[in-house]
1. Just a yes or no: is a residue in segment 266-276 within 30 Å of residue 170 (Cβ to Cβ) and either modelled with pLDDT of 80 or more or not assigned by TED's automatic domain parsing to the domain that holds residue 74 (or both)?
2. Where in segment 4-109 are there helices (runs of 4 or more DSSP H), lying wholly inside it, with at least 3 residues that are modelled with pLDDT of 90 or more?
3. Taking segment 230-262 as the search range and keeping residues that are out of contact with any helix residue (DSSP H, G or I) (no Cβ under 7 Å at 6 or more places or on another chain) and not in a helix (DSSP H, G or I), which one is modelled with the highest pLDDT?
4. Within the bounds of segment 192-214, is there any residue that is assigned by TED's automatic domain parsing to the domain that holds residue 61, at pLDDT 65 or above and within 20 Å of residue 159 (Cα to Cα)?
5. Out of everything in segment 37-54 that is farther than 18 Å from residue 241 by Cβ and touching a helix residue (DSSP H, G or I) at 6+ places or on another chain (Cβ under 6 Å), what residue ends up being surrounded by the fewest Cβ atoms within 10 Å (Cβ to Cβ)?
6. Regarding residue 339, is this residue in contact with a strand residue (DSSP E or B) (Cβ under 7 Å, 6 or more places away or on another chain) and at pLDDT 80 or above?
């Protein structure tokens, strides 16, 4: 059965699980169509509280997500989970390890989905961001987003989430040193996993020592997904944040905040789309270059220069300028500057329509 985008948007907005599953698959296949679908659900965005969950590989993130999801369900919340898995080197799809450890919550008020990183250095692809927004539009109270693992560049989830949990296993050692200058300082809550082990006390002390160097010192929660110790208190802390902050920032902006990384991914999706639609290979004749942002540019604005490559001509530049009418399908608005015929370049200003 096929749905039009209008019909699919209506069904997602009504909270139909099969429609949401179909919409998420659409987003993974075609970011441009996904952006159009999200735009049609703009009035229903900003209601869910997005919880980002990250930490070193092996910290027990997936197991904790499963336990937390069930804890929230017991408290009457509707919960969606997006588990970002590593990409298969063969198919490019998600390896689904997180999905198995989280498990399917046997409740109609829950929804679990995996997606692949597809090489995104920031930890979240443009598709993953749109998937979170679709889960929001479908009426879930909480959307838990689990990333692959922490690195200093993996900060996209911090910009997407209303609450960010960073999880640490016992025996941190150099792992703490490797990540404390990155996403650690953005955490709203710190979690020491496997608190039923002797090394967990030392891990908590390491975090307490490191916290003195930060501008803020997030609360530290020792938990054990195995015994259940600390899980209820952690769930209470997250729900308290939903009462205090809700999703005001995202609601005010019509959805999740758009980062420069998200804008770059949207432009890359647009460039690929142009390559499919134009009668020549844009990649062979033209070279896009990201320009530095102006002093007053918001994160949702991107400046790009398209220059002639080998075998390129003014005809190719003109064709691209005319084809940029397709930008709206990628969730972008494109302003085309005057072509520099002598220099063989064309400047673009891309932002997000209001």
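The values are calculated or read from the model by the stated rules, or taken from the named source; none is laboratory data. Note that the coordinates shown come from a computational prediction; the quantities given were computed from them, not determined experimentally. Every residue, glycine among them, receives a Cβ derived from its backbone with ideal geometry; neighbour counts consider all protein chains shown.
1. First pass over segment 266-276, keeping only residues within 30 Å of residue 170 (Cβ to Cβ): none.
Scanning segment 266-276 turns up no residue that is within 30 Å of residue 170 (Cβ to Cβ) and either modelled with pLDDT of 80 or more or not assigned by TED's automatic domain parsing to the domain that holds residue 74 (or both).
2. On the way: elements: 5-13, 17-29, 31-40, 61-74, 97-102.
Where helices (runs of 4 or more DSSP H) fall fully within segment 4-109 and carry at least 3 residues being modelled with pLDDT of 90 or more, they are 5-13, 17-29, 61-74.
3. 230
4. no
5. Residues of segment 37-54 that are farther than 18 Å from residue 241 by Cβ, as a first pass: 37-45.
Subset that is touching a helix residue (DSSP H, G or I) at 6+ places or on another chain (Cβ under 6 Å): 37-38, 40-41, 44-45.
Numbers: 37: 23, 38: 26, 40: 17, 41: 20, 44: 20, 45: 20.
Top of the filtered list is 40.
6. On the way: in contact with a strand residue (DSSP E or B) (Cβ under 7 Å, 6 or more places away or on another chain): yes; at pLDDT 80 or above: no.
Here the answer is no, as residue 339 does not meet what is asked.
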